[in-house]
1. Restricting the first residue to the range 103-116 and requiring it to be free of Cβ contacts under 8 Å to residues at least 40 places away in the same chain and surrounded by fewer than 23 Cβ atoms within 10 Å (Cβ to Cβ), which pairs with a second residue that is part of a helix (DSSP H, G or I) and of a type in the set (D, E, K, R) meet a Cβ separation below 8 Å and a spacing of at least six or different chains?
2. Given the residues Y356, Y361, which is the only one that is of a type in the set (S, T, Y), open to solvent by 60 Å² or more (accessible area, probe 1.4 Å) and under 25 Å from the mean Cα position of the chain (by Cα)?
3. Go over the candidates V206, V202 one by one and state the one that is surrounded by 23 or more Cβ atoms within 10 Å (Cβ to Cβ) and more than 16 Å from ligand 2 (Cβ to nearest atom).
4. Restricting to the range 241-267, what's the tally of residues that are assigned to a strand (DSSP E or B) and either open to solvent by 20 Å² or more (accessible area, probe 1.4 Å) or without any contact (Cβ under 8 Å) to a residue 24 or more places away in the chain (or both)?
5. If you go through the range 338-351 one residue at a time, do you hit one that is open to solvent by less than 40 Å² (accessible area, probe 1.4 Å), closer than 20 Å to R319 by Cα and within 22 Å of the chain's Cα centre (by Cα)?
6. Look at I38 and say whether it is in contact with a strand residue (DSSP E or B) (Cβ under 7 Å, 6 or more places away or on another chain), open to solvent by less than 10 Å² (accessible area, probe 1.4 Å) and within 21 Å of G284 (Cα to Cα).
7. Looking only at the range 51-89, count how many residues are in contact (Cβ under 8 Å) with a residue 40 or more places away in the chain and touching a Leu at 6+ places or on another chain (Cβ under 6 Å).
Amino acid sequence: MAGAAVEGTAERRLLVLGAGPAQLGLLEAAQQQGIFTIAVDRDPGAPGFRFASRRAIVSTEDELGVERLADAERVDGIVSPGSDWPVAVAARVAEKLALPHPIAPQTAILATSKLRQRERFAEAGVPQPGYAVCRSPEDAAEAVRELGYPCVVKAPDLQGQKGLTLVRSEAELAGAVAFAIAAARSGFCLIEQLVDGPEVTVNAFVVDGRFVPLTVTDRIVAEPPAFGVALAHVWPAAHADGAVEAARAAAEALELRDGPVYVQLRVGREGAQVVELAARVGGGHDAELCEAAVGVDLNGLAIAAAFGDEVTPPAPEPRAGGAAVRFLVAPPGALEQVTGIEQASALPGIRFVRVYRDPGYIYVPLRRGSDRAGAILATGDSAGDALARADAAAKRVRFETVNAEALV
Ligand SMILES: Nc1ncnc2c1ncn2[C@@H]1O[C@H](COP(=O)(O)OP(=O)(O)OP(=O)(O)O)[C@@H](O)[C@H]1O
Ligand SMILES: [Mg+2]
């Protein structure tokens, strides 16, 4: 596969932080490569465990626990695909245990703090929305006088839309600030101007400081109260103007020299603005979409980077006219059964249908990314065709739930 170096034949051991929906692709890719994986997740029902050689029921945020595990398991590398906070845990633990790692702890901290990266981007002139740090509703009212409505209130150190709210008027501000501060690890929140306009994601890989863009996808998002939740990623993006340049500038500002990079942007009236950068593969099956779209095994590259292998810069070449990941949303309630997966999988262009949860799982109304029930990857002649194929397949998948009324 393009770019992924595989060294020797001895079984290598990889610690994978997270075994949730966001880690499924990398865990499966590692299994296919014959790598011994130890998957870490505090949720015993995490769907990614099915691809792991060994499961460790440990929180990915329990840094000491992760360090002890990595040491005891004599791992050759650590990776945090699809999830932010553990990116910094992985970098610090790798350094402590003298394991090779694509990013230094200082860089990882920048990559996992929405505030620290905003500060860096401001210094480097990377295009981004205006923002302010707030510790109270009074601070926020003051900041909004300059930033204006609508604005976005968020926790500076979380992901997956935890603590995130779109604020359209003064009446919504204090509640949103209290919500973000309560959710945050740090006791304060960020208020940002809303960049209105299409949203795109740049997935890239950096080799020795060379930023190689792989895919630019349109991110189709849900409406409030599920503000910001991705419902689909569609390639090629229709509104990519300036996105790659802004993403490259963002990666350079954070001094990322190696490994996968995932940059969220919105293309507003003033061009592409960086919402956020993560030093990892995307959590929405972005790496699998990348392979289907441009033939680059991004999960394999991320694994190679985690082992410190020499990596040849990938050479993306279109493999389809379009590709799309469409997320599945289930009706609230306890899952009884899912039907139609086989029929959906057999439709033209369908690469996979993933259902994240087993019967008994309780779905809540869609509010955050973690409330999604599954995903479909499709390819087609164009972006629109791929999305239409994924949509057609999604219609076949039926989630049968019970007791929904008691939960809503
Ligand atoms: N300043 C902004 N302007 C416009 N949209 C925004 C802004 N901030 C956040 N959003 C919307 O909310 C989504 C999530 O924002 P952000 O990445 O900051 O939060 P998150 O909790 O890290 O979510 P995720 O895990 O999806 O990345 C963005 O993809 C975008 O749709
Ligand atoms: Mg984000």
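1. A104/E95; P105/R92; P105/E95; I109/R116
2. Values: Y356 fails: open to solvent by 60 Å² or more (accessible area, probe 1.4 Å).
So the residue among Y356, Y361 that is of a type in the set (S, T, Y), open to solvent by 60 Å² or more (accessible area, probe 1.4 Å) and under 25 Å from the mean Cα position of the chain (by Cα) is Y361.
3. Details: V202 fails: more than 16 Å from ligand 2 (Cβ to nearest atom).
Every option except V206 fails the conditions.
4. Let us first name the residues in the range 241-267 that are assigned to a strand (DSSP E or B), namely 259-267.
Imposing the further condition that a residue be either open to solvent by 20 Å² or more (accessible area, probe 1.4 Å) or without any contact (Cβ under 8 Å) to a residue 24 or more places away in the chain (or both) reduces the set to 264, 266-267.
Summing the residues that are assigned to a strand (DSSP E or B) and either open to solvent by 20 Å² or more (accessible area, probe 1.4 Å) or without any contact (Cβ under 8 Å) to a residue 24 or more places away in the chain (or both) in the range 241-267 gives 3.
5. Looking through the range 338-351, at least one residue is open to solvent by less than 40 Å² (accessible area, probe 1.4 Å), closer than 20 Å to R319 by Cα and within 22 Å of the chain's Cα centre (by Cα).
6. On the way: in contact with a strand residue (DSSP E or B) (Cβ under 7 Å, 6 or more places away or on another chain): yes; open to solvent by less than 10 Å² (accessible area, probe 1.4 Å): yes; within 21 Å of G284 (Cα to Cα): no.
The answer is no for I38.
7. Residues of the range 51-89 in contact (Cβ under 8 Å) with a residue 40 or more places away in the chain: 60, 66, 69-70, 73-87, 89.
Applying the additional criterion that residues be touching a Leu at 6+ places or on another chain (Cβ under 6 Å) yields 60, 70, 75, 77-78, 80-81, 86.
Looking only at that region, the number is 8.
The values are calculated or read from the model by the stated rules, or taken from the named source; none is laboratory data. Values in this document were obtained by computation on a predicted structure and should not be read as measured data. Counting neighbours? That spans all protein chains shown, and the Cβs are built from the backbone with ideal geometry, glycine included. These area figures cover heavy atoms from the full protein model, side chains too; ligands, DNA and RNA do not enter into them. Shrake-Rupley method; radii C 1.70, N 1.55, O 1.52, S 1.80 Å.
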